[in-house]
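Down below is the structure, laid out as structure tokens.
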Amino acid sequence: MRSPVKRLVALLCTPLLAVSFAACSKTLSISAFKGEEHAVAQTISNLQADVTAGNEQKICANDLSGPVVARLSAASGGCQQAIKGQLTELDNFEVAVQSVHVSATGAQPTATARVTSTYAGKTKASTLSLVKEGGKWKISSLA
């Protein structure tokens, strides 16, 4: 039976990686977005590039929010090992940002990005949540 930590990593990483990133060499078009919306879309593009490069260190340090990294770090081997394990599960995959909504209300700015992904020939729509930490947008969850 899987440990609770491994289950948490699987529940958090698998859909997040499978929907948010592309493990192929295609680039994500973000030119239609301006201002903070562009910055949010750029975060998703950066994440896609880091996944394509297989750079677990950058994913944990630059792309995921602090609470997500903390949850992944609780797993055996930490965040980088958890991400590395998930990256091996991905193959040819495409993602597109359909819309971005930024909310500056509250103590910490948040955003949502509606994305569509194609994996194994099937298209799926999902919503990514992002939070602004230290002046940078970071992925905080997938809905």
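Could you please rank His101, His38, placing first whichever residue has the fewest other Cβ atoms within 10 Å of its Cβ?
On the way: His101 12, His38 15.
Placing the least packed residue first, the sequence is His101, His38.
Which distance in nm do the two modelled labels at Gln81 and Glu133 give, with both placed 7 Å along the Cα-to-Cβ direction?
2.0
From the backbone phi of segment 36-51, what are the Karplus-calculated ³J(HN,Hα) couplings (6.51 cos²θ - 1.76 cosθ + 1.60, θ = phi - 60°) in whole Hz, Gly and Pro given as x?
5, 4, 5, 4, 5, 4, 5, 4, 5, 5, 4, 4, 4, 5, 5, 5
Where a number appears in this text, it was derived from the coordinates with a stated rule and is not lab data. If you're wondering where the values come from, they're calculated on a predicted model, not measured in any experiment. Heads up, the Cβs are rebuilt from the backbone with ideal geometry, glycines too, and the neighbour counts pull from every protein chain shown.
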